[in-house]
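First the structure, in the form of structure tokens, and then the observations on it.
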Amino acid sequence: MIGPLDPRDVPSSAIDAVADAFERMEEVKAGREGLNLILWTDRVRAAQAARTCQRDIDAGREGGVLAGVPYVAKDNIATTELPTSCGSRMLENYVSAFEATAITRLRNAGAILVGKSNCDEFAMGSSTEYSAFGPARNPHDPCRVPGGSSGGSAGAVAADIVRFALGSETGGSVRQPAAFCGIVGVKPTYGRVSRYGLVAFASSLDQIGVFGRTVNDAAIVMEVIAGLDPHDATTSDAPVPRYRDAEERGVEGMVIGRPKEYFPPSLDPRIAALCDRALERMRAQGATVREISLPTTDLAIPVYYIVAPAEASSNLARFDGVRYGLRVRGGTLRDMYDRTRSAGFGPEVTRRILLGTYVLSAGYYDAYYKKAQEVRALIAGEFRRTFASGVDLIFTPTTPSVAFKHGAKSDPYEMYLNDIFTVTANLAGIPGISVPIGRLDGLPVGGQLMAAHFDEMAMFRGAYALERALGAEAHR
Amino acid sequence: MSLDRWEMVVGLEVHVQLKTRSKAFCACSTQYGAPPNINTCPVCLALPGTLPVLNLEAVRLAVRAAHALSCTVNPTSVFARKNYFYPDLPKGYQISQYDRPLAVNGSLTIGESADGMPITVGITRLHLEEDAGKSIHDRYPSATAIDLNRAGVPLVEIVSEPDMRSSRDAGAYLRTLKQILEFTEVSDVNMEEGSLRVDANVSARLRGETRLGTKTEVKNMNSFSGVERALEAEFARQVDVLERGGRVEQQTMLWDGARGVVRPARSKEASHDYRYFPEPDLPPLVLSKEWIEEQRRSLPELPAARRGRFATEYALPPADIEILTSSVALADYYEQAARAHGDGKAVANWVRGEVLAAVNAAGISVREFPVRPGDLADLLNLVRDGKVSHTAAKRIFAEMRKSGERPAQIADREGLLQEGNADAIAVWVDEVMAEHPEETRRFLAGERKLLGVLVGAVMKKSKGRADPKQVNQLLTSRSTG
């Protein structure tokens, strides 16, 4: 079932591949009444796309590296053929008039969009419980969350509905659900993948990410979606390497840092043990493991929960009932704003807008937002110095725990702590990947590899090596 | 109440629309007057997921304006979000610049004081930002209509120091600024189309006082004279408050031009916390020193410099200079004609008189005027060389306006070329003397004042073709010969 998504293993036909995806959705009950992973589909349209694609393949036309491969995209990525609701009442049934750059690039590579996946409302959350359309469930155990905020995408890949999926990251929303669902999740360097069409949560942290069943699947998709986009001024013009070449290169001679702050005494010792096994396997492949320290780590969560809500409070101002989405009429303009936004946004989104508005307010800006940006620069500087000192990769657990049960994290702050090992990469803008490294009571555990800015190549080298070294152990 | 004891202190914030073809952060047209919401796209409608991409032409024009106002252009400036809710602000924030503006520390000389010292107004800052859309409240009985054609159009905001001391200063500042922005082709500067908007900060203090009084912000003026009147009204209101021992409240006042009064804006319109923070969707704007310098070098001669040169190079009186430098087009027209002809004053008289009258009558720009500067110079050359009379020149000019023909051609066809041939002139003089025996007798007897009568008769007989100078000489020589 798990195999590379490359020309050796293209589905027998695009039509079958798409039909299989829809069959599998029904089989695992991916809809509202079941796992609630997929919010919107259009079977007729997808089948039509598959027929067109197959005609091209049959006619011998160059079909692209992902020709006929079905996928799902998180519901906060703009698509013209399916709604883009961001898991929010505010945008229920909203269909975008334009398409995200990543979606266009995938279509040009032959991939076929079969669904939009459930997520925490506007990507704010770590469990996909904060979706206005109900919580998503983990295919490994429906009583548990798939992680979040890209839980639907992670679940869809884990449940074998699709080979890959798009998610988005602001503080770990791809890597964390990948870990909880036992699949691979990539968060690229900030500026590597265009954000055009990704509905903004926190613009300086957001990045579209990729879920794959394997490292190779994720690498291929990254090759397709990465690169300069004239619609996104924050994308880089650095050339996109052939990430699949990382497979051959291995990790021999690489230095892998093990930061002690990511292995605190409070960490579940069984997770620490799985991490150390993973490190041991990489050492066996010729890597050197070095104990390192990243002392600013414990500042990351407070900094993140100032910067992200601040930007969110501004980014979500456009949902005002004037041009699109929900409008609840009111006697005055102010009434209309109040009613629309109160009805359209769920409690977590409201909480973050309030928090963000507060930290940007006159008199508080310097103490909160400005200070947070200064600390953020310290965190980024610490990573930069670490990578400059000869460390090629940093290895950590992706999450402090396995997938938790629905409702287990009722305190928002406890939910925020889930991101403790992942937010640092977003704050520093560096790439990170979560790879399955074993199971705990049958539930997946993920290991995280982080690399220097735009060194996805190093990240993939480590990930391929880890995947190969662990083999079936990664899922046991 | 004695206004004379009090001094007005004014600083102005001017928003100027840059003359770009497309908007600041998307490719939509900036064309004025298009049907509502036609010039829009996902970006300027702020559809979810869209991102701004900076229009470099807007940056170029803003840097030009900054140089023209002697500002220091910052090699690195930062865009910021100014957050507030309003239906015509699609994103819920305006992309502007805040603590790191494009340019700072400029100045503008707006005239001379009574004792001949230049009056200079400091420019605090100049920054780039985008316009909001337009709310139309009077189109539908119970609804506000929104037109987002203007949303995202690039602007510069130019903030002055509180260096003006009268409404006249403010008017002079605005007119000088407008002229500079036109000269540098940064903006069309059209208040009716909203391409220039002015907010004023005004306060009052006793003469001799050096500290500033509490200021109010006056908005909603839609002409330069409106600004002047609004300042007078607000100043009088403040003085009234102060004279009665009250305190001026820091607030926003709205000018009601129809009634000629200022009234306080509702507090909601005034009390915004804009929650500025750096715009994360746009990297800092980094400009190389070379590029900045290149923009400075490409500036045309500014109005003040040109006025100075017109005085020295063409020896023109101030009144001529004032008129001829009122626009780049007119100054260019004048200068091309003056260079081709040589006599600056003669050209100035023609441009001020005939050319402007014709241009205004036709309601066109000088650039579109069919008589080009070279043609005008040719015509004046004919006059100078005695080939046509001044009267004939006016007739030729009128013809040139219609046909665009060369002046020599017209003069030839219409028989307006002056006769310089002494024999022909002698025949006309003989005939006139024969036809006017009485006047001729008295003239020859020494009654000099009759010279004019006889010259006039010769000119008439020759239908204006005789060179009056030669006629004059010939008649004079007969009387003394």
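Every read-out reported here was derived from the displayed coordinates using simple, explicitly stated rules and does not represent laboratory data. On a predicted model such as this, the values are computed, not experimentally measured, just so you know. As a convention, Cβ positions derive from the backbone with ideal geometry for all residues, glycine included, and neighbour counts pool all protein chains shown.
Picking from B:THR480, B:ALA338, B:LEU206, whose Cα lies most toward the positive end of the charge dipole for chain B (charges on Cβ: Lys, Arg +1; Asp, Glu -1)?
Selected residue: B:LEU206.
Please sort B:11-22, B:60-71, A:325-336 by packing, taking for each peptide the average over its residues of neighbouring beta carbons within 10 angstrom, highest first. List each step's numbers first, then the result.
Working: B:11-22: 20.8, B:60-71: 23.9, A:325-336: 14.1.
Listed from highest to lowest mean packing, they are B:60-71, B:11-22, A:325-336.
With the crude spin-label approximation of a point 7 Å out along Cα→Cβ, what separation in nm comes out for A:ASP276 versus B:LYS394?
10.9
Taking the Cα atoms of region B:3-293 alone, what are Rg (to one decimal) and Dmax (as a whole number) in Å?
19.5, 60
Compute the signed sum of charges (Lys and Arg +1, Asp and Glu -1) over the other residues within less than 12 Å, Cβ to Cβ, of B:LEU61.
Numbers: positive: B:LYS19, B:ARG21, B:ARG60, B:ARG64; negative: B:GLU57, B:GLU185, B:ASP188.
Residues near B:LEU61 contribute +1 overall.
For each of B:LEU454, A:LEU299, count neighbouring Cβ atoms within 10 Å of the residue's Cβ, then give the residues from fewest to most.
A:LEU299, B:LEU454
I'd like the distance between the alpha-carbon centres of region A:240-305 and region B:63-83, rounded to an integer number of Å.
Centre-to-centre (Cα) distance: 45 Å.
Sort out for me the Cα centre separation of region A:348-382 from region B:386-422, rounded to whole Å.
Between the Cα centre of region A:348-382 and that of region B:386-422, the gap is 78 Å.
Within the set of other residues whose C-beta is less than 13 Å from the C-beta of B:ARG229, count the net charge using Lys and Arg as +1 and Asp and Glu as -1.
Net local charge, B:ARG229 excluded: -1.
When Lys and Arg each count +1 and Asp and Glu each count -1, what net charge do the other residues less than 15 Å away from A:ILE103, Cβ to Cβ, add up to? Don't skip to the end; give the middle numbers.
Details: positive: A:ARG45, A:LYS74, A:ARG105, A:ARG107, A:LYS116, A:ARG195; negative: A:ASP42, A:ASP75, A:GLU81, A:GLU99, A:ASP229, A:ASP232.
Here the charged neighbours net out to 0.
Suppose R0 equals 35 Å. What FRET efficiency, 1/(1 + (r/R0)^6) with r the Cβ-Cβ distance, do A:ARG242 and A:ALA59 give to the nearest 0.05?
0.80
Using Stokes-Einstein with the Kirkwood hydrodynamic radius over Cα pairs, what translational diffusion coefficient do you get for chain A at 25 °C and a viscosity of 0.890 mPa s, in µm²/s rounded to a whole number?
The estimated diffusion coefficient comes to 112 µm²/s.
Suppose each label sits 7 Å from its Cα in the direction of the beta carbon; what would the B:THR312-A:ARG45 distance come out to in nanometres?
Going by the 7 Å Cα→Cβ label model, 7.1 nm.
Please give the direction-averaged projected area of the C-alpha convex hull for the protein assembly as shown, in square nanometres with one decimal.
Mean orientational projected area (the protein assembly as shown, Cα hull): 54.8 nm².
Students often get this wrong, so check it: of A:LYS371/B:LYS19; B:LYS394/B:LYS469; B:LYS19/B:LYS215; B:LYS23/B:LYS219; A:LYS371/A:LYS405; B:LYS19/B:LYS91, which have C-alpha atoms separated by over 30 Å?
Flagged as over cut-off: A:LYS371/B:LYS19; B:LYS19/B:LYS215; A:LYS371/A:LYS405.
Below 8 Å, C-alpha to C-alpha, sequence gap of six or more: please give me the relative contact order for region B:292-353 in percent. Can you show the working numbers first?
Values: 36 pairs, mean separation 18.0, N = 62.
Reported relative contact order: 29 percent.
At 222 nm, what value in deg cm²/dmol follows for chain A if DSSP H runs of at least 4 each add -39500 (n - 2.57) and the sum is divided by all its residues, to the nearest 500?
-11000 deg cm²/dmol
Give me a single rounded figure for B:84-92: the average over its residues of other chain Cβ atoms within 10 Å of their Cβ. Don't skip to the answer; put the middle values down first.
On the way: counts 1, 8, 4, 7, 1, 4, 5, 5, 10.
If you average over the peptide's residues, the count of other-chain Cβ atoms is 5.
Please give the average number of partner chain Cβ atoms lying within 10 Å of the Cβ of each residue in A:319-328, rounded to a whole number.
Averaged over the peptide's residues, the number is 3.
Take peptides A:185-193, B:330-338, A:264-272 and line them up by average Cβ neighbours within 10 Å, highest first, as a rough protection proxy.
Those peptides, ordered most packed to least, come out A:185-193, B:330-338, A:264-272.
Averaged over every viewing direction, what's the projected area of the C-alpha convex hull for region B:218-320? Give it in nm², one decimal, please. Spell out each step's value before the answer.
On the way: hull surface 54.6 nm².
Reported value for the Cα convex hull: 13.7 nm².
Take every Cα pair under 8 Å in region A:393-448 that's 6+ residues apart, average their separations, divide by the length, and report that relative contact order as a whole percent.
47
Using a Förster distance of 22 Å, how high is the FRET efficiency between B:ASP343 and B:ASN421, based on the Cβ-Cβ distance and rounded to 0.05?
In this case the efficiency is close to 0.30.
B:ILE364 versus B:ARG478, label points 7 Å from Cα toward the beta carbon: distance in nm?
Spacing of the two 7 Å Cα→Cβ label points: 4.6 nm.
Rounded to the nearest Å, what's the spacing between the alpha carbon centres of region A:170-190 and region A:397-446? Just the number, please.
When both Cα centres are located, 9 Å separates them.
Mind checking B:282-289 for the average number of partner chain beta-carbons within 10 Å of each residue's beta-carbon? Provide the component values of the computation, followed by the final result.
On the way: counts 3, 3, 0, 0, 0, 0, 0, 0.
Mean inter-chain Cβ contacts per residue within 10 Å come to 1.
Cross-link candidates for A:LYS116: which lysines have Cα within less than 23 Å, leaving aside residues fewer than 8 places away along the same chain?
A:LYS29, A:LYS74, A:LYS187
When the gyration tensor of region B:301-413 is built from Cα positions, what are the square roots of 5 times its three eigenvalues, in whole Å, from largest to smallest?
One finds semi-axes of 24, 16, 11 Å for region B:301-413.
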